[in-house]
Amino acid sequence: MTVPNPAEAGAIVAAPFPESPATSINPWGNGKPSLGDRLFRRLSQGSGVLITVLIAAIGAFLLWRAIPALARNKENFLTYSGTWKTADPSAMHFGILDLLRVTTFVSLFALALAMPVALGVAIFLTQYAPRRFAAPLAHLVDLLAAVPSIIYGVWGLHVLAPRLRPVATWLNHTLGHCFLFARGNTSIGGGGNVFTGGIVLAVMILPIITAVTREVFAQTPHGQIEAALALGGTRWEVVTTTVLPFGRSGYISGAMLGLGRALGETVALLIILHGTQQAFGWSLFDGGSTFATKIAAAASDLHNPYQAGAYLAAGLMLYLLTFVVNAAARTALAGAGQATR
């Protein structure tokens, strides 16, 4: 029997496999891409440019319409918290301090209520619920997003608020020494306050946070889950050691999407908060107006471009506020991504 030369045998073993046509041609590099690839690339680039242009155009329009009104404003636009007087273009008084306070306060209150519930629902649907029940339950939660805002507003003011009255009264009597639960500018019994509005808003943003969190938790590698179970971990230990660290960024992303939804909510809060002009005092039982409800309440009574410009200036600040929230979300996601590496 002939024994092959070791050098030749090594050469044979080290010979590279022939490149397949799929890996030897780079459709975005040296190879010539097909017509479909070129069209898809141009369409994707054009869509990105179009969205950027539209966003910039909206901001430019708001700024262009707001400047004449701001020039006639007799108050500091950022720090004035009194009653708006915009009917007379020669003596306009308006500012956004109260609007900013109410918008952020009711949105953060709703977010604080919705985030724990959304987290619990997402964990239950992905880790505890039987498969035959998980999908129908998930669809039921998602259906909350299909309810119109006006239905939420009417339900919150006429159905939910009367049932929350004993809870609100108890909080006011027990924790009234804390400014968060002190009796505000509106009656606790009426229900047209931040307390009721925040709970309704929490229900409205719950399906958004739950859906994003659930989808991310469902992508947890099964190998990690099985390894944790094999080491003797309980189901809850598996959730805390594998599912939550893996899905932290998705949970934060869902929360930021919910916050963006809460900042811009209009009709439901307009019905509940009544658009009171009284000063906001940082109590859950205060009333007030958000950016969106202030603009919506006055939309039918704008008689000149300067008066409209005052409310468009408020819209510009809401527009900028969403950018701040998005920047904070990206920073949080980047930090969560680095922590899980």
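The values are calculated or read from the model by the stated rules, or taken from the named source; none is laboratory data. No experiment lies behind these values; they were computed from the predicted model shown. As a convention, Cβ positions derive from the backbone with ideal geometry for all residues, glycine included, and neighbour counts pool all protein chains shown. For the accessible areas, the whole protein counts, side chains as well, though only heavy atoms, and no ligand, DNA or RNA atoms are used. Shrake-Rupley method; radii C 1.70, N 1.55, O 1.52, S 1.80 Å.
Quick notes on this structure:
- No other residue among Ala268, Ala297 is modelled with pLDDT of 85 or more, in a helix (DSSP H, G or I) and in contact with a Phe, Trp or Tyr (Cβ under 7 Å, 6 or more places away or on another chain) apart from Ala268.
- Checklist (1) free of Cβ contacts under 8 Å to residues at least 24 places away in the same chain; (2) charged (D, E, K, R); (3) assigned to a loop (DSSP other than H, G, I, E, B) applied to Arg163, failing item: (3)
To keep it simple, each residue is scored yes or no on (1) at pLDDT 80 or above; (2) among the polar types (S, T, N, Q); (3) on the phi < 0 side of the Ramachandran plot; (4) surrounded by fewer than 20 Cβ atoms within 10 Å (Cβ to Cβ).
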{"site": "Gly281", "(1), (2), (3), (4)": "yes, no, yes, yes"}
{"site": "Tyr311", "(1), (2), (3), (4)": "yes, no, yes, no"}
{"site": "Leu320", "(1), (2), (3), (4)": "yes, no, yes, yes"}
{"site": "Thr331", "(1), (2), (3), (4)": "no, yes, yes, yes"}
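- Which numbered condition Val238 misses (of (1) open to solvent by 30 Å² or more (accessible area, probe 1.4 Å); (2) at negative phi; (3) over 21 Å from the mean Cα position of the chain (by Cα); (4) touching a residue at least 60 places away in the same chain (Cβ under 8 Å)): (1)
- Qualifying residue in segment 87-96 (condition: open to solvent by 70 Å² or more (accessible area, probe 1.4 Å) and part of a helix (DSSP H, G or I)): no
- Verdict on Leu257 being touching a Leu at 6+ places or on another chain (Cβ under 7 Å), in contact (Cβ under 8 Å) with a residue 40 or more places away in the chain and open to solvent by 50 Å² or more (accessible area, probe 1.4 Å): no
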